[in-house]
Amino acid sequence: VSLEKTGYQGGLTVNSLSDMSAAMGKLDGITRGQAVDALILMSAESQVGSDRLQRYTTTALQWEKAAGEAAKTVAEGFKKIGEDPVKGVLELNKSMGFLTSATFEQIKSLQEAGRVTDAARLASDAYDKALADAARNIQANLGVVERSWNGVTGAIGKAINKVKEFG
């Protein structure tokens with residue numbers, strides 16, 4: 001039903017959703033249920049194409065786990081980039097400081113040349129990389145107690161997903 005509500009945006013089908021969520025569910029700290037929900041959210045909210053949807057959604061979930069910021073907020077960031085790559089990436093850069101001047105100039109040149117899709121893709125890739133790197137750094141700097149707790153909650157989530165798969 002949720003997939004129907006998105007109008008299958010980004011080329012997401014039931015089969016592709018199943019394949020992506022299965023692959024994402026094998027990653028540490030991500031359950032298949034979380035993956036399905038986040039894929040649908042990203043597809044509906046972010047204007048991200050199916051070719052990058054799994055990658056960006058994985059990053060959004062890892063960022064959510066590490067930083068506590070909802071995947072919906074990340075999806076909104078990708079949406080801003082899709083609407084206006086230059087303006088969107090500059091706005092996101094204010095809080096994260098991830099953009100190099102060379103990358104920004106490429107994004108700006110592409111957009112000025114009318115290649116808005118290419119500009120959005122480059123800006124989205126830069127944003128995705130910044131989030132993924134920051135999430136890894138946060139996770140690496142967690143204390144023993146936090147890492148243990150994340151491991152326990154992740155195992156519980158995976159066990160619940162296995163039970164749901166039977167139903």
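Results, tabulated for the structure shown:
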{"read-out": "Search result, residues across segment 11-57 that are more than 24 Å from residue 116 (Cβ to Cβ), of a type outside the set (Val, Ile, Thr) and either open to solvent by 40 Å² or more (accessible area, probe 1.4 Å) or in contact with a strand residue (DSSP E or B) (Cβ under 7 Å, 6 or more places away or on another chain) (or both)", "value": "15, 18, 19, 23, 26, 27, 28, 32, 34, 37"}
{"read-out": "Matching residues in segment 58-99 - criterion: being surrounded by fewer than 19 Cβ atoms within 10 Å (Cβ to Cβ), among the small types (Gly, Ala, Ser) and closer than 21 Å to residue 39 by Cβ", "value": "67, 68, 70"}
{"read-out": "Total residues in segment 104-124, condition under 17 Å from residue 59 (Cβ atoms) and either open to solvent by less than 70 Å² (accessible area, probe 1.4 Å) or touching a Leu at 6+ places or on another chain (Cβ under 7 Å) (or both)", "value": "4"}
{"read-out": "When residues of segment 9-52 are limited to those that are part of a loop (DSSP other than H, G, I, E, B) and under 17 Å from residue 82 (Cβ atoms), the one modelled with the lowest pLDDT", "value": "12"}
{"read-out": "Top-ranked residue in segment 65-87 [being part of a loop (DSSP other than H, G, I, E, B) and more than 13 Å from the chain's Cα centre (by Cα); ranked as nearest to residue 31 (Cα to Cα)]", "value": "68"}
{"read-out": "Among the residues listed as 66, 71, 102, 60, the single one being within 15 Å of residue 127 (Cα to Cα), hydrophobic (A, V, I, L, M, F, W, C) and touching a residue at least 60 places away in the same chain (Cβ under 8 Å)", "value": "60"}
{"read-out": "Cβ pairs under 7 Å, 6+ apart, first in segment 30-55 and aliphatic (A, V, I, L, M), second open to solvent by 40 Å² or more (accessible area, probe 1.4 Å)", "value": "40/2; 41/72; 44/9"}
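The values are calculated or read from the model by the stated rules, or taken from the named source; none is laboratory data. Quick caveat, the model's predicted, so the values are computed rather than measured. Virtual Cβ from ideal backbone geometry, glycine too; neighbours counted across all protein chains shown. Accessible surface is based on the protein model in full, side chains and every heavy atom, while ligands, DNA and RNA are left aside. Shrake-Rupley method; radii C 1.70, N 1.55, O 1.52, S 1.80 Å.
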